[in-house]
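All remarks here apply to the structure that follows.
What follows is calculated from the coordinates using simple rules that are stated; it is not laboratory data. Keep in mind the model is a prediction, meaning the values are calculated, not measured. Virtual Cβ from ideal backbone geometry, glycine too; neighbours counted across all protein chains shown.
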Amino acid sequence: MSKAPNVHDAEPIPAEARAEIERLLQTGDLFRYNAPADAPVSLLEREFAELMGVKYALAVASCSAALFLSLKALDLPRGARVMIPAFTFAAVPSSIVHADCVPVLCEVGEDYRIDIKDFEAKLTGVDAVMVSHMRGHTSDMDAIMALAAQAGVPVVEDAAHSLGTTWHGRKIGTLGRIGCFSFQSYKLVNAGEGGILISDDPDLIARAVIMSGAYEHAWKKHLPHGDNTGELKAAFDRWQNKLPLYNQRLSNLSAAVIRPQLPKVAERVIRGRANHDHVAAILNDSPWMQVPAKLAPEDRAPDSIQFNLVGMDTGQRAAFAEAAAAEGVKVQIFGMSQDNARAFWNWHFLPEQVELPRTRAMLMNACDVRLPARLTREDCDLVAGILTRAAETAMTPNRAFGT
Ligand SMILES: *Cc1c(COP(=O)(O)O)cnc(C)c1O
């Protein structure tokens, strides 16, 4: 039997990053506002905005920092209610709590996407929506954007895991007022840590820039090529000295690691999608596993695969994870691993505890396996084979119970 591929490691850092990192180490020029112009972080922002086709980008310490600053940029009052899908990472409701707001959890269906009926019902009485495209699954953004517009509620996109995903050909992260991305290691672009937020709104970006730690007149380094006359300059003038500094800046060293990866995004997207769809087709041939279909307008950029176990009881689900682990593939069943940060019932820090039966049922059967873009077709076949055999083992009693 062949050995399982290593799905744990992140994307490697391109060799092109080395010279710039060496230069930064030699000069000690790690602070983004040190150089008079064109610091690596500023260049990253320019390149990312261009890649996404938006006016402005602000690089920060993490996607969580970007989400927090988005809420602060929207100027939501203390206690404002912010709706999120109940299937997301604990950092997302945490960013809302950090911004002195209250997370409102919305049901998520078996296909990992926002339950639009529950979304619509809960939209009344909500001050903002943070659409977390968890694991890169895009919910019905046509319905969400239309309902939010009708209700006059701003939408922030948590696109941490959606770099390269499109909806009707439009880039995810550009549909809402602000889009937030992550450069943490297990995302498509790996800098260990880091995040970026994008927007076309000069006031939102000016507020976010200042609060991210552009003290005094450091914001001048965000003006496009020293243009001191445009709408962004006017927005900075409006907010000068009026906002707290939360210091969530990104280091030049991180920008140097990120920049050479941006030209590789398109290829990683294609390879990640091909890997995902190949494994999905094999898993769907098993009676015990089901990979939910994407929505029609969505083109995905996955670096992991999620699937639901079908017809397994608790013991069989545990036996499945155990059999896969024995062959070297770590499967996380979201609702079954202890203290899982993606299971809403473990978010005891929420100011309001709620029960979401649909999302809970989904989490008890939903599995998560990393499937990085760097895997070969052979690697993918090995992973798919191990999962298929593990399901058979779990569902064949004499094998599951260790004869
Ligand atoms: C990773 C992730 C985050 C948090 O990103 P950080 O950069 O680690 O703060 C938020 N939301 C989703 C959906 C994520 O996958």
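So the values come out like this:
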| item | result |
| --- | --- |
| Listed residues ALA341, SER251, ILE116: farthest to the positive end of the dipole of the chain (Cβ charges) | SER251 |
| Estimated inter-spin distance, ARG170 and ASP299, nm [label 7 Å along Cα→Cβ] | 1.6 |
| Sequence-distant aspartates and glutamates (8 or more away, or on other chains) whose Cα lies within less than 14 Å of LYS117 | GLU107, ASP140, ASP142 |
| Using θ = phi - 60° and Karplus 6.51 cos²θ - 1.76 cosθ + 1.60, couplings along segment 113-129 (whole Hz; Gly, Pro as x) | 10, 4, 6, 5, 4, 5, 4, 5, 5, 8, 5, 5, x, 10, 9, 7, 10 |
| Modelled FRET efficiency - R0 30 Å, ALA234 with ASP38, Cβ distances, 0.05 increments | 0.80 |
| Cβ-derived FRET efficiency at R0 41 Å, ASN241 paired with ILE270, nearest 0.05 | 0.30 |
| Environment charge at GLN240 (Cβ cut-off 14 Å; Lys +1, Arg +1, Asp -1, Glu -1) | +2 |
| Cα-projected label distance for GLN150 with GLU16, points at 7 Å along beta-carbon direction, nm | 4.6 |
| 10 Å beta-carbon shell around HIS278, net charge (K/R +1, D/E -1) | 0 |
| Residues ASP142 and PHE349, FRET efficiency given R0 of 35 Å [Cβ-Cβ distance, rounded to 0.05] | 0.60 |
| Three-way shape label, segment 1-123, alpha-carbon gyration tensor, a/c 1.5 | oblate |
| Qualifying chymotrypsin sites (Phe, Trp or Tyr not before Pro) in segment 1-93, DSSP loop, other Cβ atoms within 10 Å at most 16 | PHE31 |
| Which of TYR215, TYR246, TYR186, TYR112 has the fewest Cβ neighbours within 10 Å, and the rest in rising order | TYR215, TYR186, TYR246, TYR112 |
| Degrees, to the nearest 10: 141-151 long Cα axis against longest axis of the chain | 50 |
| Cross-link pairs LYS187/LYS233; LYS3/LYS294; LYS55/LYS221 - those with Cα-Cα distance over 25 Å | LYS187/LYS233; LYS3/LYS294 |
| Given the chain, longest segment not containing exposed loop trypsin sites (Lys or Arg not before Pro) (DSSP; at most 12 other Cβ within 10 Å) | 79-241 |
| Length-normalised contact order of segment 298-403 in % [C-alpha pairs under 8 Å, at least 6 apart] | 43 |
| Ranking of ASP142, ASP158, ASP203 by count of other Cβ atoms within 10 Å, fewest first | ASP142, ASP203, ASP158 |
| Relative contact order computed over the chain (Cα-Cα under 8 Å; 6+ residues apart), in percent | 22 |
| Degrees separating the helix 63-73 axis from the principal Cα axis of the chain, which is the longest one | 50 |
| ASN6 versus THR314: modelled label distance in nm, points set 7 Å from Cα along the beta carbon direction | 3.7 |
| Order of SER162, SER95, SER62 - criterion: other Cβ atoms within 10 Å of each residue's Cβ, fewest first | SER62, SER95, SER162 |
| Net charge over other residues, Cβ less than 13 angstrom from the Cβ of GLU110 (K, R count +1; D, E count -1) | 0 |
| Computed magnitude of the charge dipole of segment 46-143 (debye, nearest 20; Cβ of K, R +1, Cβ of D, E -1) | 380 |
